Structure formats: structure tokens, C-alpha cells
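To keep things clear, I will list the structure first and then write my remarks on it.
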Amino acid sequence: MSDIDLDSGLARFEQATDFSVGLEEEFSILEPGSLDLAQRFEDLRAAANRDPILEEAVAGELISSEVEIRSGRGESHAEAVELQREVRRRLFAVAAAQGVALGATGTHPWADYRQQRIIDTDHYHRVEEGLKYVAWRNNTFSTHVHVGIRGADRAIAVCDRLRPVLPLLLAISANSPFLEGRDTGLHSVRSQIFTKSFPRCGVPDAFGDWAGFADYIHFLVSTRSIVEYTQVWWSVRPHLAYGTVEVRICDAQATAGESAALSALILACVAQAARDADEGRPHRDLPGRLIEENMWRAIRHGLDGELLDLERATAYPARAAIERLLAWTEPVRSELDIAVELPEANGAQRQRALVAGGATLAEAFAQTVAETQHTYAGSAHNTVEVN
């Protein structure tokens with residue numbers, strides 16, 4: 001029996017407010033000295049329940065060494081960031097009181113997934129039972145952004161138009177080069193573990209309108225493929241509970257400034273896609289096999305390699321993805337007063353630069369955790385630059 005109510009989801013989109021924003025950030029829970037993963041979510045959850053803001057904002061996310069916080073709804077990006085800053089401040093204070101640290105990379109650089117415990121909830125018991133090794137292996141941490149979109153057909157049009165944008169956002173956000181004590185050679189091994197392994201994940205098909213999307217969800221339900229909508233793990237999806245388009249492609253960000261800048265860029269992409277749809281700007285639903293070429297390039301090389309202009313079948317430096325997205329979204333960024341200030345190097349590049357400069361993997365991770373502590377718990381406006 002399914003608890004998916006598409007009619008209620010449709011109604012929420014019809015009543016949604018354009019370009020409201022919600023932020024979700026996932027953190028690893030760490031032993032302060034060794035920086036090993038610490039299975040302490042239940043302790044953080046219990047402590048958070050004594051704080052009325054954290055009680056609403058803290059959530060579990062698969063394993064007991066992970067914690068998620070949610071901003072709630074902001075009417076603008078600035079408001080959502082301010083809400084999240086307060087949640088972060090309280091979470092990091094609770095973590096310190098509980099004797100744990102928090103990390104913000106897409107993967108832990110040396111943890112053994114076989115030692116991690118799935119949290120005790122009905123949802124995650126279903127995930128574990130349904131996926132087994134795929135669920136056990138998924139010790140990953142990400143950043144999600146919700147953007148309100150009024151109109152169900154319009155929300156699907158936005159998701160469709162964002163499909164080729166997703167690899168660019170992944171390359172920009174890549175922050176997981178290390179796993180199991182070694183350099184994987186990838187810039188986002190999180191995406192390889194999660195996006196490439198989970199069913200109904202990654203870049204979805206183009207559905208055209210709400211009816212096409214609803215037909216597919218009905219198929220999944222009728223064939224007993226899913227019993228709840230959260231079993232649809234696409235990298236962009238209409239969220240039935242909130243009336244939002246949720247972008248889920250990005251690694252967790254090492255600094256609060258990067259997280260804010262990335263969410264601003266995502267808001268701009270969603271809003272520009274909506275404006276383009278409203279104005280009837282030409283759009284072609286590219287085959288998934290073409291978008292997957294850029295997905296692989298983003299996973300493998302991040303901002304260090306090349307991405308493909310899929311319309312022209314030509315390559316360009318991946319770093320130019322930032323300029324391309326800023327140029328495309330300039331109209332709506334001006335309209336909504338959205339500022340995007342990304343660092344010179346992303347998380348994966350900075351971690352590798354530390355190791356190339358002579359740091360051990362443990363020392364590089366310790367510096368990254370220190371940046372996370374400083375910016376998320378303290379000066380949340382800071383970003384990091386590496387020359």
C-alpha cells in the first residue's frame with residue numbers, strides 16, 4: 001500500500017509561492033581527535049529535541065554517523081540563509097556539548113562503510129531492505145535546495161529544463177575526491193556511490209507535463225516498485241509535500257560561504273528555467289545518453305577537466321560552467337537580487353591541493369573540518385580561496 005498522494009501534491013503546486021527557498025545540509029558526525037565517523041546521531045537528536053528550533057530542523061539521514069539540518073521556508077534566498085545560519089549555530093553548539101565534531105565533505109576519506117549502522121526508522125529500514133549493499137555502501141553527504149514553483153505543469157517544465165544543467169552544478173560543487181584511505185581519481189565519488197547506484201536516481205527523463213510525471217509515478221506504485229515518494233531519488237524532482245523543485249545533485253560544501261553561494265546559483269537556475277518556460281524560450285529535451293556524458297566528466301574531473309556543449313558537440317573548460325550559468329541567469333538574478341560569490345577553487349580541488357603540497361590525507365581532512373567548524377559555527381559569510 002502506498003502513501004503517495006499525487007492529488008495533494010498537485011494542489012500544493014497550484015498554491016505554491018514562486019521562488020521561496022528551503023535549504024538542507026548533511027554533515028558527518030566525527031570523533032574530535034581521530035576524526036573517525038562517530039555513530040552519535042541518536043545523541044544529537046535527543047539533545048536537539050530540547051531546543052525548539054533544532055527539534056524541527058534536525059533529521060536523520062540513513063546512517064547513525066550523519067545528521068541533516070533544514071532551514072524551513074524562506075520567502076527569499078537571504079531569508080533562507082539567515083534561518084539556516086541560526087540552525088547551524090545551534091547544531092554546532094549541541095555537537096560541541098555532546099563531544100563530537102561535524103564535517104562537510106561529500107564522503108568521509110577513510111571510513112569503512114561496513115562499520116556504519118542504519119538508523120532505526122521505518123523509512124530507512126525499507127531503504128535497507130530494498131537496496132541491501134547499495135544502501136550499506138552509501139555513506140555520503142550532500143546539499144539540497146528547494147525552490148517554490150507555482151503550477152504543477154510549470155514545475156515539471158522547470159525540471160525538464162534543468163536536466164542538462166545538473167552536471168554543471170555537480171562539477172562546480174564537487175567535494176569528495178577521497179574514499180577508503182585513497183585518492184579515488186574522481187572529484188565526486190559521492191555521485192558514483194549514490195547517483196550511479198541507487199534506482200530512480202540521477203538525471204530523470206523529461207516528462208513534459210504533470211500528467212506524464214503522474215503516469216510514471218502511478219506505474220511505480222502499481223508495480224509495487226515504491227511505496228513512498230522519497231524512494232524516487234532523482235537529482236532534480238518536484239517535491240510533493242512542499243510544492244517545490246528540489247535540486248539534489250551537489251556534494252556537501254566544506255564552508256558555509258560556499259553553501260550559500262551554491263544555493264544562490266541553484267535558485268537562479270531554477271528561477272531562470274521558470275522564466276524561460278513562461279516566455280516560451282526554445283528548449284529541446286536532450287537524450288539522457290548525452291547528458292550522461294557530462295555527468296561522467298563532472299564526476300571524474302570536476303572543474304579540472306572539460307564539459308561538453310551538448311547542442312554544438314564541442315568541449316569547453318569546465319571552469320567556464322560557472323560563467324555560462326551566470327550569463328544565462330543574469331536576468332533573474334538582477335530581478336531577484338541574487339548574488340553568487342564562489343571561491344576560486346572548489347572543495348575537491350582544495351583537498352587535492354593540500355595533499356599535493358605535502359599534507360597527509362588525514363591532515364588535509366583535518367584542515368577541511370577546521371574550515372567547516374569556523375564558517376558554519378562562526379563566521380558564516382566566509383569562503384576559502386586557493387591560489
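Okay, here's what the table says:
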| read-out | value |
| --- | --- |
| Residues (surrounded by 17 or more Cβ atoms within 10 Å (Cβ to Cβ) and either assigned to a loop (DSSP other than H, G, I, E, B) or not β-branched (Val, Ile, Thr) (or both)) located in region 317-327 | Ala318, Arg319, Ala321, Leu325 |
| Qualifying residue in region 56-71 (condition: surrounded by 18 or more Cβ atoms within 10 Å (Cβ to Cβ), touching a His at 6+ places or on another chain (Cβ under 6 Å) and touching a residue at least 12 places away in the same chain (Cβ under 8 Å)) | no |
| Near pairs, Cβ below 7 angstrom, 6+ apart or cross-chain, from region 142-156 (on the phi > 0 side of the Ramachandran plot) to any residue that is not polar (S, T, N, Q) and not in a strand (DSSP E or B) | Gly151/Phe13; Gly151/Glu14 |
| Conditions (1) without any contact (Cβ under 8 Å) to a residue 60 or more places away in the chain; (2) polar (S, T, N, Q); (3) surrounded by 24 or more Cβ atoms within 10 Å (Cβ to Cβ); number of the one not met by Gln272 | (1) |
| One residue from Glu246, Glu279 being surrounded by fewer than 24 Cβ atoms within 10 Å (Cβ to Cβ), modelled with pLDDT of 95 or more, of a type in the set (D, E, K, R) and within 22 Å of the chain's Cα centre (by Cα) | Glu246 |
| Yes/no for Val221 being within 15 Å of the chain's Cα centre (by Cα) and touching a residue at least 12 places away in the same chain (Cβ under 8 Å) | no |
| Filter result for the condition that a residue is modelled with pLDDT of 95 or more and either in contact with a strand residue (DSSP E or B) (Cβ under 8 Å, 6 or more places away or on another chain) or closer than 25 Å to Arg182 by Cβ (or both), over Thr107, Thr121 | Thr107 |
| Residue satisfying condition, being in contact with a helix residue (DSSP H, G or I) (Cβ under 9 Å, 6 or more places away or on another chain), part of a helix (DSSP H, G or I) and among the aromatic types (Phe, Trp, Tyr), within set Phe213, Phe207, Phe198 | Phe213 |
| Among the residues listed as Ser2, Ser71, the single one being touching a helix residue (DSSP H, G or I) at 6+ places or on another chain (Cβ under 6 Å), within 19 Å of His239 (Cβ to Cβ), at pLDDT below 95 and of a type outside the set (A, V, I, L, M) | Ser2 |
| Matching option when the condition is surrounded by 14 or more Cβ atoms within 10 Å (Cβ to Cβ), at pLDDT 95 or above, part of a strand (DSSP E or B) and not β-branched (Val, Ile, Thr), among Leu91, Leu44, Leu102, Leu35 | Leu102 |
| Tally of residues being in contact with a strand residue (DSSP E or B) (Cβ under 9 Å, 6 or more places away or on another chain), small (Gly, Ala, Ser) and closer than 28 Å to Thr107 by Cα across region 312-363 | 5 |
| Any chance Val189 is under 17 Å from Gly288 (Cα atoms) and either in contact (Cβ under 8 Å) with a residue 24 or more places away in the chain or in contact with a His (Cβ under 7 Å, 6 or more places away or on another chain) (or both) | no |
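The values are calculated or read from the model by the stated rules, or taken from the named source; none is laboratory data. Remember, predicted model here, so these are calculated numbers, not experimental data. As a convention, Cβ positions derive from the backbone with ideal geometry for all residues, glycine included, and neighbour counts pool all protein chains shown.
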